[in-house]
């Protein structure tokens, strides 16, 4: 697990932000010639033990010793700073831990670890640390991270000292405090937007956004389905990273639905069905929640097309009516003219007779 962070030494916060995007998640470079690279993994007292994270269920007041192994993969001796801090999941679904300038108030403060360790080039060291659960700790899941870090100094073009970049590599530590587990969540801020397609012969799309907050005391994976416009869309989508929510965390979701025709008002159901599990993998019961939603989808291109067709039909009908009237008028005039000519002829015959 990697935790990139940086800290200012001489420049302002804007300069720090510029450097932050350059820091590596796996190693920190002072210069290309003396690159520092390292790894951190869970371990037992002798070496790496195959775990990807450290997880324990402990009673309030209980203490346990754990280990990590730090490997120096670079070409020079390195003094690594060691630290522990509260953990959290980012919006992208990645685990991270508080930066060194922020104070931990949860399980990060339960961990006691040496401040630093020096490791020779190509060498490794097993580091012991202790997790001590407070007597008043609340039941449920508490996340933290332990990390080894290196502070490298970035210099500007003139060679002056600029910004210190703290690069960290660490391991997730999850402590489940014994007691009643109560998985719970809330769905908030459900909103839908219809994306109109200007081509009246093609369907548009639908975007539904919402927030899921973990209101219980157990971590959970947020998942569910959106049923609307005759389609059922699952989230997270296939291939996307699972969205883990720690107690108290909230995550924003966006679900895209393609090929949706504008039918004035689209009604649907958003079903959120998170999953939670015990540390041994046993599934915990979490009741799904369904929220109804309606999205306006006015078929303006289709209405404009229909209006155009209607105007064309009316124009053709009006033109046909006008033409028919003109023909009727011509016929009437011809008949009238014929009558007048017949009367004139009759008068002439009487005169000559």
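The values are calculated or read from the model by the stated rules, or taken from the named source; none is laboratory data. Predicted model only: the values in this text are computed from it and were never measured. Neighbour counts run over all protein chains shown; Cβ positions are idealised from the backbone, glycine included.
Residues to consider are 268, 248; find the one that is in the same structural domain as residue 192 (by TED's automatic domain parsing), modelled with pLDDT of 95 or more, part of a loop (DSSP other than H, G, I, E, B) and touching a strand residue (DSSP E or B) at 6+ places or on another chain (Cβ under 9 Å).
Values: 268 fails: part of a loop (DSSP other than H, G, I, E, B).
Being in the same structural domain as residue 192 (by TED's automatic domain parsing), modelled with pLDDT of 95 or more, part of a loop (DSSP other than H, G, I, E, B) and touching a strand residue (DSSP E or B) at 6+ places or on another chain (Cβ under 9 Å) holds for just one of 268, 248, which is 248.
Within the stretch 251-265, which residues are surrounded by 18 or more Cβ atoms within 10 Å (Cβ to Cβ) and out of contact with any strand residue (DSSP E or B) (no Cβ under 7 Å at 6 or more places or on another chain)? Matches in the stretch 251-265: none. Out of 293, 312, 303, one residue alone is modelled with pLDDT of 90 or more and within 30 Å of residue 224 (Cα to Cα). It is 293. In the stretch 130-146, of all residues being in contact with a strand residue (DSSP E or B) (Cβ under 9 Å, 6 or more places away or on another chain) and more than 20 Å from residue 88 (Cβ to Cβ), the one that is surrounded by the most Cβ atoms within 10 Å (Cβ to Cβ) corresponds to 132. Check whether at least one residue in the stretch 296-311 is assigned to a loop (DSSP other than H, G, I, E, B), exposed (fewer than 12 other Cβ atoms within 10 Å of the Cβ) and more than 26 Å from the chain's Cα centre (by Cα), and report yes or no. Among the residues of the stretch 296-311, not one is assigned to a loop (DSSP other than H, G, I, E, B), exposed (fewer than 12 other Cβ atoms within 10 Å of the Cβ) and more than 26 Å from the chain's Cα centre (by Cα), which makes the answer no. Among the residues of the stretch 79-100, just one is within 16 Å of residue 39 (Cβ to Cβ) and buried (at least 21 other Cβ atoms within 10 Å of the Cβ), namely 80.
Only one of the numbered conditions (1) within 23 Å of residue 213 (Cβ to Cβ); (2) surrounded by fewer than 13 Cβ atoms within 10 Å (Cβ to Cβ) is violated by residue 103, and that is (1).
Among the residues of the stretch 273-289, is any in contact (Cβ under 8 Å) with a residue 40 or more places away in the chain, over 26 Å from residue 95 (Cβ atoms) and surrounded by fewer than 20 Cβ atoms within 10 Å (Cβ to Cβ)? Within the stretch 273-289 (the criterion being in contact (Cβ under 8 Å) with a residue 40 or more places away in the chain, over 26 Å from residue 95 (Cβ atoms) and surrounded by fewer than 20 Cβ atoms within 10 Å (Cβ to Cβ)), the answer is no, since none of the residues qualifies. In the stretch 169-195, the residues that are on the phi > 0 side of the Ramachandran plot form Cβ pairs under 7 Å with partners that are in a strand (DSSP E or B), at six or more places apart or across chains, as follows: 189/210; 189/211.
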